[in-house]
C-alpha cells in the first residue's frame with residue numbers, strides 16, 4: 001500500500017497558483033528528489049506531504065498511523081541542556097517510556113497491592129524500550145552527531161551556544177535518529193562541509209527508510225534518489241530513475257511536448273482556415289461540424305521555457321602567470337592556519353580548494369586578493385593582473401541601497417543602461433532592480449554579486465562558495481559561464497558537482513597544509529545544453545574570423561599592442577565620462593555620436609586584447 005497518494009492536487013496562496021494537477025504515489029522504499037527553481041513551490045510540496053498544509057484542490061490519502069519526520073529550513077528552539085541531550089530528546093517515544101519506567105521503579109520500592117501489576121507493566125515498558133533501541137540511543141546519537149561534524153566537546157555544550165551551521169547539523173541529527181516511515185528533508189546539505197555531506201549521503205544510501213528531499217546538491221540527488229519530481233511553471237512532472245536519467249528524460253519529454261503542440265497548432269490553423277472559407281457557402285454544414293469538433297478539442301498547452309539568468313564573464317588580457325605565491329602561510333591576527341606550497345596560477349587555470357569548515361579556505365582567498373596580510377611569505381600578481389573576490393557572505397553589498405545602485409557603486413563609470421541590461425539578464429527586470437538589497441532573498445543577493453562580476457573584466461576570479469543560494473538552473477548557468485571564462489579561477493566550494501564540472505586542479509587543506517588532492521579532467525559545464533558552444537582552450541578566440549585577421553594584420557609586438565590598448569582604454573574612459581555628464585544628453589546628436597564611438601572603441605579593444613594574448617603566447621613559446 002502507498003504511504004501517500006496524491007490525486008489532482010493543487011496548492012494556492014491567495015490568487016497565486018503554486019502548482020496544480022499533481023498525481024503522485026509515494027511507495028515504501030522510494031527515494032524522491034524534488035527539484036525546481038527558487039519560488040517554484042518545493043517547500044510547499046514538503047509541507048503538503050508533512051500534513052502541515054492542505055491542498056486547494058484534489059485529495060491526499062495517507063497510510064494509517066503514518067509517521068513522518070520533517071527537516072524544515074527553520075530550526076525550533078532547543079529544550080535540552082546539552083547538544084547530546086537535545087539529540088536524544090528528539091526520540092519522544094523513548095523518552096516517554098523511560099519516564100514511565102523511572103516512575104514504576106519508584107512505585108516498586110514501596111510494597112502495595114498493585115505491585116504485580118506495576119511489575120508486569122515495567123516488563124512491557126522495558127521490552128518496548130529495548131525493542132526500539134533505547135539502550136543504544138546514546139551511542140547512536142553520539143555517532144550521528146560525530147558524523148555530521150559535532151565532536152565530543154561540542155556535544156557537551158548548550159545548544160544555545162551553537163552557530164547557525166551547527167544548529168542545522170543538530171536538527172539533521174535529531175531527524176536521522178527518528179524511527180519514521182517517511183523522512184522529508186529541505187536542503188539538508190546547507191551549512192555542511194564536504195566530509196559531513198559525504199557522511200550524510202552514505203547514511204541516506206544505506207537507510208531503508210522512504211526519503212523525499214529538496215536539494216540543490218546535484219551529486220547528492222544523483223547518488224541517493226531513484227525518482228525525481230520537478231516543479232516548474234505551476235506544473236508537477238514525475239520522472240523515474242536517477243538524476244542523470246531525469247535530465248535525459250526531461251529533454252526528450254519537452255521535445256515531444258513541443259512537437260505535439262506544433263502539430264496541433266497546424267491542425268487548428270488548417271481547420272480555422274476551412275471554417276473561415278466555407279462557413280457561409282455550400283459547405284456551411286461541414287464547417288459548423290468542424291467548428292464543433294474544434295471547440296471540443298482538448299488543447300495541448302504551449303511549452304514554456306524556464307526563464308534562466310544569463311551570465312557572461314569577461315577577462316582583460318594578462319601575463320601567462322596571473323598569480324603566484326612564495327612560502328605563503330595564511331592566518332588571522334598573526335596566527336597561521338595552514339601553509340601553502342608555492343602556487344602558480346596561469347590563464348585558464350581552474351583551482352578548487354577543499355577542506356572542512358573553519359580550516360581557513362576563505363582566509364586564503366582574502367589573503368590572495370589582498371584583504372589580509374600573509375602570516376609568512378608573499379603573494380605576487382602577474383603583469384596586468386586584475387583579481388576579484390566573490391564573497392559568500394555578500395559583505396561587499398550595501399543592504400541600504402538598491403540592486404541597481406550596488407552595481408553602479410561598484411562600477412561608477414558604467415552606463416545605467418548597461419547596468420540595467422546586465423541586471424535584466426540576471427532576472428532583475430523593471431522595478432525589481434530598484435529593490436533594496438536588504439529586502440531580497442539570499443538567491444537574489446547571489447545574482448547581484450554575480451552581476452557585478454559580469455560588469456567587470458577581472459582576469460583572476462576568486463569564488464567563495466559561489467553556488468550557495470543558487471537553484472539548479474542558476475548553478476548550470478554559472479558552470480557554463482566559468483567554463484567559457486578565459487581568465488584564471490580559484491574557487492572554494494563544497495559543491496562536488498560544480499567542482500567536478502569546472503576544476504582542473506583540486507587542493508585540500510589537510511593537517512595544516514594545502515596539498516594536491518587529485519587532478520580532475522574538466523568536463524563541459526553541467527548537462528551541456530544542445531547548441532551550447534564547446535569550451536575553448538585558454539587564450540583561444542571565439543570568433544571564426546580570428547585566423548583571417550591574424551593573416552592580414554601587420555606584424556606587431558606585445559609592447560606596441562599594449563600601447564594601443566592603453567590608448568583605447570584612455571579613450572573609452574574619456575567617452576564614458578562625457579556620457580556621464582547630464583549636459584551631453586541635452587544634445588541628442590552628440591549623445592548618439594558618443595555612443596557609436598564608444599561601441600567602436602569597445603570592439604577595437606576586444607580585437608586588441610585577442611591580438612595581445614596571441615602575441616605574448618607566441619613570444620613565450
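Restricting the search to strands (runs of 3 or more DSSP E) fully inside the stretch 27-126 and requiring at least 2 residues that are within 30 Å of residue 154 (Cα to Cα) gives 68-71. Restricting attention to the stretch 325-346, the residues that are buried (at least 16 other Cβ atoms within 10 Å of the Cβ) and either out of contact with any strand residue (DSSP E or B) (no Cβ under 8 Å at 6 or more places or on another chain) or not in a strand (DSSP E or B) (or both) add up to 2. Exactly one residue among 295, 371, 349 is touching a residue at least 12 places away in the same chain (Cβ under 8 Å), out of contact with any helix residue (DSSP H, G or I) (no Cβ under 6 Å at 6 or more places or on another chain) and exposed (fewer than 15 other Cβ atoms within 10 Å of the Cβ), and that residue is 371. Just to be sure, is residue 441 out of contact with any helix residue (DSSP H, G or I) (no Cβ under 8 Å at 6 or more places or on another chain) and either in contact (Cβ under 8 Å) with a residue 24 or more places away in the chain or under 18 Å from residue 309 (Cβ atoms) (or both)? Considered against the rule, which asks whether it is out of contact with any helix residue (DSSP H, G or I) (no Cβ under 8 Å at 6 or more places or on another chain) and either in contact (Cβ under 8 Å) with a residue 24 or more places away in the chain or under 18 Å from residue 309 (Cβ atoms) (or both), residue 441 comes out as yes.
Please specify each residue of the stretch 431-479 satisfying the condition of being assigned to a loop (DSSP other than H, G, I, E, B) and under 14 Å from the mean Cα position of the chain (by Cα). Listed by number, the residues that qualify are 441, 465, 466, 467, 468, 469, 470, 471.
When the residues of the stretch 241-258 are filtered to those that are under 20 Å from residue 204 (Cβ atoms) and out of contact with any helix residue (DSSP H, G or I) (no Cβ under 8 Å at 6 or more places or on another chain), the one that is surrounded by the most Cβ atoms within 10 Å (Cβ to Cβ) is 246. If the condition is being closer than 18 Å to residue 423 by Cα and out of contact with any helix residue (DSSP H, G or I) (no Cβ under 7 Å at 6 or more places or on another chain), then the stretch 451-473 contributes 453, 456, 457, 473.
Can we say residue 393 is farther than 24 Å from residue 511 by Cα, part of a loop (DSSP other than H, G, I, E, B) and free of Cβ contacts under 8 Å to residues at least 40 places away in the same chain? Yes, satisfied. Has the stretch 121-141 got any residue that is crowded, with 16+ Cβ neighbours inside 10 Å and under 30 Å from residue 355 (Cβ atoms)? Scanning the stretch 121-141 turns up at least one residue that is crowded, with 16+ Cβ neighbours inside 10 Å and under 30 Å from residue 355 (Cβ atoms).
We did not get these values from a lab; they are worked out from the coordinates using the rules stated. Everything numeric in this text was worked out from a predicted model, so none of it was measured. With ideal geometry, Cβ positions are generated from the backbone for all residues, glycine too; neighbour counts draw on all protein chains shown.
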